[in-house]
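This report refers to the structure that appears directly beneath it.
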Amino acid sequence: MEVVELSEESAVNTQFTVADLEIEILPIIYEIIRSVEKDPHDTSQKAKESQDTSQKILELQKKLDSARAQIKRLPGIEYSKEEQLQKLEILRKQLRLKRELLHKYRNMCTFDVPKV
């Protein structure tokens with residue numbers, strides 16, 4: 001039974017978050033745009049630039065596939081927007097109730113117990 005508890009703890013500790021996403025596509029997009037903007041007059045240079053651009057586009061496609069795979073690992077992604085908003089509202093209600101209870105307990109009278 002302890003083994004199950006340890007695996008649950010490790011699953012919680014290793015939960016994938018948005019901060020863990022490794023998506024760097026802007027530099028590749030920038031390089032593709034720059035290579036398309038170039039207009040070499042030499043036909044052999046054009047062929048080389050076209051091949052380089054094609055390679056960069058393939059690299060971008062791999063990065064996008066990697067991003068899609070990473071996004072699928074995010075918790076809660078399987079819920080629709082409405083379900084996520086509903087869960088958020090439930091959590092906000094719980095937070096409000098807990099804050100009210102905490103405030104109530106802080107303002108309670110404390111009874112002094114005489115020391116014997």
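The values are calculated or read from the model by the stated rules, or taken from the named source; none is laboratory data. Note that this is a predicted model, so its numbers are computed, not measured. Methodologically, a virtual Cβ is constructed for each residue, glycine included, from the backbone with ideal geometry; neighbour enumeration extends over all protein chains shown.
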**Report entry** Only listed residue being surrounded by 10 or more Cβ atoms within 10 Å (Cβ to Cβ) and touching a residue at least 24 places away in the same chain (Cβ under 8 Å), chosen from GLN84, GLN55, GLN45, GLN15
**Finding:** GLN15
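Table: residues versus (1) part of a helix (DSSP H, G or I); (2) among the charged types (D, E, K, R); (3) at pLDDT 95 or above; (4) under 30 Å from GLU31 (Cβ atoms).
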position: SER54; (1), (2), (3), (4): yes, no, no, yes
position: LEU60; (1), (2), (3), (4): yes, no, no, yes
position: LYS63; (1), (2), (3), (4): yes, yes, no, yes
position: ARG68; (1), (2), (3), (4): yes, yes, no, yes
position: ILE71; (1), (2), (3), (4): yes, no, no, yes
position: GLY76; (1), (2), (3), (4): no, no, no, no
position: LYS87; (1), (2), (3), (4): yes, yes, no, no
position: ARG92; (1), (2), (3), (4): yes, yes, yes, no
position: LEU95; (1), (2), (3), (4): yes, no, yes, no
